[in-house]
Amino acid sequence: MIKLTNILTEMLNTFEVQAEILSDRQSNISEILDSIRAVKSITTIRNITPPEYPQREGVEYTLVIVKFVTRIDAKQNLQQIKNDILTSDGGSTDLRVPGVKSFKYKINTIKRK
């Protein structure tokens, strides 16, 4: 049975941050975002890219809001999330989330939810 204190603790440790994703145009952004949702401690990810934002050839820019739960310092957890998105156990050149070329969070946008 889940204790009320455990539920409250999780709510108190929920944060959100804006992040920028650069991805391969060959990959579907919806599939990329679904894969990122599966990363440990991420609860939701929402695409907020303005429609008029100019895109470069071959690379798609996506601005997102990521909500996550942590029991440690939020900044430390963000670094772990970034590592989980960009690397895999298979080697240094493998991508855990296929299609993602870069994932950068904007640390000044982090806030407790």
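The values are calculated or read from the model by the stated rules, or taken from the named source; none is laboratory data. Quick caveat: nothing in here was measured; it's all calculated off a predicted structure. Accessible surface areas use protein heavy atoms only, side chains included; no ligands, DNA or RNA. Shrake-Rupley method; radii C 1.70, N 1.55, O 1.52, S 1.80 Å.
At-a-glance table
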| read-out | value |
| --- | --- |
| Phi-based couplings in Hz for the range 43-54 (Karplus 6.51, -1.76, 1.60; Gly and Pro marked x) | 9, 9, 9, 10, 7, 10, 5, x, x, 8, 5, x |
| For K101, residues with placed amide H under 5 Å, excluding near neighbours | L22, S23, D24 |
| Out-of-range pairs (alpha-carbon distance over 24 Å; input K3/K104; K3/K75; K3/K111; K67/K101; K3/K82) | K3/K104; K3/K75; K3/K111; K3/K82 |
| Accessible surface of D73 - all protein chains present, 1.4 Å probe, nearest 10 Å² | 80 |
| Length gained when the stretch K104-E52 is fully extended (0.36 nm per residue, less Cα-Cα span) | 16.6 nm |
